[in-house]
Amino acid sequence: MTIHATRTVLLPLAVLLLLAILAMQVRTVHGDPPPPVYVDADSCSQLAPGGTSWHEFRIDDPVAGAYSNGLLTVDLDFQGTNGQAEFGWQTNVPIDAVYAAGGPAGNLYRYAPPETADDGLHTPYNGSGKRYHSLNTILFCATAPLQPTATPPPTPTSRPTATATATVRPTNTPGPPTLTPSPTVTTRPGDTPAPTETTVPPTMGPRYFPVAFSFRQGGEEPNDDCGSAYWISSDNAHQFLPDDRDDWFTFVVKEPAEVTVILDNFGPLAGQIAAYRGANCASSQLLGNNGNTASIKELALGEQPADRFFLYVSNDGAPNTTEPYTLMIFTKP
């Protein structure tokens with residue numbers, strides 16, 4: 001009887017031990033990511049610990065899909081809605097760290113030992129309603145080379161089809177910092193460093209415009225002035241509420257293209273949309289504006305160089321907190 005009792009106890013314990021080992025082995029794909037470290041950096045070389053040299057693979061304005069430079073392949077997927085989005089990744093090369101940049105800094109996730117997959121990563125919280133800052137850039141860092149020896153590297157294997165983001169107002173946060181691209185990495189066609197800032201003063205617009213790039217107090221949203229413009233991506237549909245007077249947005253065109261901006265379903269009717277181009281608010285130039293009183297306002301900006309752009313949407317009608325408008329930027333190389 002004693003022998004059978006011992007076997008009865010040991011068998012379940014052995015099964016539990018085996019399940020625990022298997023759970024540890026699959027954590028890299030489906031488990032929680034390591035605790036993030038809040039840090040402000042522009043490259044993997046700044047994030048590497050002392051005495052360590054990290055190679056870098058950079059993805060700006062990331063969307064779900066596959067990226068490759070001929071040596072490293074990265075698959076990205078996203079879960080959640082705008083403002084609460086988390087992402088997962090998988091690579092064919094072990095990664096020492098992943099940096100998710102958004103807002104004034106970013107979250108650094110370190111892996112020891114290096115891993116080839118994880119999920120549940122996100123940018124830092126912005127301190128309001130436990131929402132995350134908008135994801136601007138992802139850096140993959142590793143001690144192993146992440147680039148082929150030939151330059152420039154091949155373009156990504158695919159560019160995912162654009163999808164509409166959820167109707168969520170961005171929370172109060174300044175715009176993300178400008179992250180300088182690594183001079184040795186090209187993740188998408190036409191990636192070039194932003195042009196040198198000019199000294200051209202901001203241009204005043206026609207009627208409806210306040211003083212260019214001035215800060216307006218009040219309102220429910222954070223992007224009431226150019227300095228806190230909300231980062232958006234081109235070739236996507238974004239929805240926002242016209243709940244106060246001023247909304248500012250910014251985006252980047254990575255290669256020369258025809259640019260068209262469409263403001264649709266604008267319930268207040270009275271107001272306008274205007275577009276600027278420049279490295280920052282102070283050096284931007286007005287490209288055009290549309291102040292009709294229709295629910296759709298379009299700006300055909302024509303051929304534009306690779307640069308940063310700012311959009312200003314003014315609401316000269318009644319505030320609306322229930323019916324969002326749609327903002328779309330289309331680029332045609």
Exercise. Can you give the convex hull volume per residue for the Cα atoms of region 226-332, as a whole number of Å³?
Worked result: 84
Exercise. Using 1/(1 + (r/R0)^6) with R0 = 35 angstrom and r between the beta carbons of Thr321 and Ala117, what's the FRET efficiency to the nearest 0.05?
Worked result: 0.30
Exercise. Region 107-124 to region 224-264: how many Å between their Cα centroids?
Worked result: 30
Exercise. Which whole-number percent is the relative contact order of region 226-332 (Cα, under 8 Å, 6+ apart)?
Worked result: 44
Exercise. When only Cα pairs under 8 Å and 6 or more residues apart are kept, what is the percent relative contact order across region 28-142?
Worked result: 34
Problem set entry | Debye intensity ratio in log₁₀ form over the Cα atoms of region 28-142, taken at each q of 0.22 Å⁻¹ | -1.34
Problem set entry | Highest to lowest packing among 134-143, 255-264, scored as the average C-beta count within 10 Å | 134-143, 255-264
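Every number here is computed from the coordinates shown, using simple stated rules; none is lab data. What you see is a predicted model, and the numbers here were worked out from it, not measured in a lab. Please note: Cβ atoms are built from the backbone with ideal geometry, for glycine as well, and neighbour counts cover all protein chains shown.
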